[in-house]
Structure formats: C-alpha cells, structure tokens
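Right, one structure below, let's go through it.
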Amino acid sequence: MTGLKENLERLEAAIDAACRAAGRPRAEIELMAVSKTYPAATMIEATALGLTLFGENRVQEFALKAPALGEKRGIMQCHLIGHLQSNKAQRAVELFDGIDSVDSVRLAERLNEAAGKQGKRLPILIEVKLSTEETKAGLDPESAEAAQLLERLPDLKNLHTRGLMTIAPWGVAEAETRACFSALRQWRDKWAAMHTGLSLDTLSMGMSGDFALAIAEGATRIRVGTALFGKRGPYTGPA
C-alpha cells in the first residue's frame with residue numbers, strides 16, 4: 001500500500017467522523033486535493049485512487065505540470081485556488097477548469113472576456129476575506145467592491161458563479177476558526193437571498209488542520225494537501 005493510499009484512507013475516515021459529528025452525509029462534501037508544489041506524477045497517482053478534483057496556487061506552476069499529466073488531464077478538474085492577477089486571466093482560463101479566487105470586478109470581467117474567446121462557461125468562486133491577516137487575499141464582504149461584484153456577475157454570461165471560498169486565520173483558537181467558517185455561511189445565505197440570479201451553493205472552506213470545523217459549519221468543499229500528500233517543501237519555481 002502506497003503512502004498516498006494510506007493517507008487517503010486516514011483522511012476519509014476523519015471526514016466520515018466529522019460528517020457524523022455534524023449530522024451530515026459524506027456525499028455533501030467534495031474533497032479537493034491541493035496539489036500545489038507536488039509533481040504531475042503525484043497527481044496521476046491520486047487519480048488512480050479516485051481523486052479527480054485538484055487545487056493549484058499558481059498559473060505558471062501548473063502550466064509546467066499540465067503537459068506531463070497526459071491523458072489523465074481529461075478526467076481531472078483542476079482549479080486555481082491562489083490569488084490571480086488580472087493580467088494573467090487569459091492564461092488561467094486556458095489552463096484551468098475553474099477559478100476559485102475571484103476577488104474583484106476587474107478580474108471577473110477579464111475572466112469573462114477570456115472565457116468568451118475560448119467558448120467556455122467558466123465556474124468561479126468568490127474569495128472572501130474574513131481574517132485580519134494582511135497576507136490573506138479576498139474581498140472584504142462589507143466593501144463596495146463586493147457589492148459591485150455581486151451586482152455585476154449576472155451580466156457576465158461566460159462565468160458560472162458557484163459560491164464562496166475563504167481561508168481561516170492561522171494559529172488561532174478553535175472558536176475563532178469556527179467563527180470564520182460560520183461567517184462565510186452567513187454571508188452566503190445573505191447574498192443568495194439578495195441576488196437570486198446567482199448560484200452560491202458551494203462553500204469552499206477548511207484545509208488539512210481545520211476541515212472538521214468547516215464541515216460542522218456547512219462546508220461543501222474542503223481543500224486538503226498536506227494530510228494527503230505529506231509535508232510540502234517551499235515553492236521554488238516561477239512566480
């Protein structure tokens with residue numbers, strides 16, 4: 001049994017336990033394998049274990065890995081979960097099956113234009129910043145930019161808005177982490193009621209260290225890298 005298979009079995013047991021504790025069926029939770037910094041061979045191995053949804057952080061990193069995925073790329077859904085500069089929107093649309101980190105009107109418009117040129121309807125998530133950490137990306141949910149984006153999205157016909165994404169603060173008390181996830185669910189409920197033309201069913205929140213709390217607070221997608229693939233080294237490729 002490979003290390004990845006063992007890790008996946010342990011992870012699935014933990015997800016099952018979190019679902020039982022939350023009174024939720026396992027089928028409600030998507031598992032995204034966060035493959036940033038791991039090689040294409042690891043991603044291919046993961047597909048053999050039934051994993052097909054992957055998260056990547058950088059356009060350039062995935063551009064280098066994608067050719068090595070070969071025919072397996074056809075069964076994968078590869079999403080960008082890292083911050084995206086609007087000047088890289090065209091390349092991101094070419095490479096990825098979804099962009100889970102939309103945080104401005106300008107970026108949404110660039111992605112819509114690029115998707116239109118490629119004849120795609122691109123799934124997106126709105127990234128919401130619910131942490132005070134300066135290093136965290138995302139929209140302030142109370143900002144004018146957030147309100148403008150929500151008003152603009154129904155007109156961007158080449159985008160398929162699926163929901164929201166957030167990253168909880170690092171190294172804080174469990175109650176603070178849980179409050180972050182709860183807040184995302186509350187903003188989703190509020191915005192879904194206000195903007196009935198948008199589909200906001202997906203709540204992408206929770207990672208290796210806190211996914212059980214996210215499941216308890218309503219996550220529909222968790223993003224797990226380290227618990228699956230092991231400790232990753234620092235990224236040393238193109239920016």
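Bear in mind these aren't lab numbers, they're just calculated from the coordinates by the rules spelled out. Just so you know, these numbers come straight off a predicted model, no measurement behind them. Glycine gets a Cβ as well: all are built from the backbone with ideal geometry, and neighbour counts include every protein chain shown.
Structure notes:
- √(5λ) per eigenvalue of the Cα gyration tensor, the range 132-239, largest first, Å: 26, 18, 14
- Over the range 118-157, relative contact order from alpha-carbon pairs under 8 Å, at least 6 apart, %: 27 percent
- Dimensions of the range 3-229 based on its C-alpha atoms, expressed as ranges along the principal axes with the largest first, amount to 45, 43, 31 Å.
- Couplings 3J(HN,Hα) of the range 5-22, computed from phi: 4, 4, 4, 5, 4, 5, 5, 5, 5, 5, 5, 4, 5, 5, 5, 4, 5, 8 Hz, in residue order, whole Hz [Karplus 6.51 cos²θ - 1.76 cosθ + 1.60, θ = phi - 60°; x for Gly and Pro].
- Residue exposure sequence - Thr177, Thr37 - by fewest surrounding Cβ within 10 Å: Thr37, Thr177
- Rounded to whole Hz, the Karplus (6.51, -1.76, 1.60) HN-Hα couplings of the range 31-41, x for glycine and proline: 9, 9, 7, 7, 9, 4, 6, 8, x, 4, 4
- For the range 76-83, putting each phi into the Karplus relation 6.51 cos²θ - 1.76 cosθ + 1.60 with θ = phi - 60° gives couplings of 9, 10, 10, 10, 8, 10, x, 4 Hz, in residue order, rounded to whole numbers and with x for Gly and Pro.
- Here's how it looks for Met165: its modeled amide H is under 5 Å from those of Ile126, Glu127, Val128, Ser204, which are all 5 or more places away or on a different chain.
- Judged by the mean number of other Cβ atoms found within 10 Å, the most tightly packed of the peptides 110-121, 157-168 leads the ranking 157-168, 110-121.
- Cα-based Lys pair tally, the range 110-232, threshold under 23 Å, eight or more apart or on separate chains: 6
- As a rough footprinting exposure proxy, the listed residues Val102, Val59, Val172 were ranked by other beta carbons within 10 Å of their own, and the order from fewest upward is Val172, Val59, Val102.
- Loop chymotrypsin sites (Phe, Trp or Tyr not before Pro), the range 112-197 (other Cβ atoms within 10 Å of the site Cβ: 13 or fewer; DSSP): Trp170
- Listed residues Glu109, Glu133, Glu30, most fluctuating in the chain (Gaussian network, C-alpha, under 10 Å): Glu133
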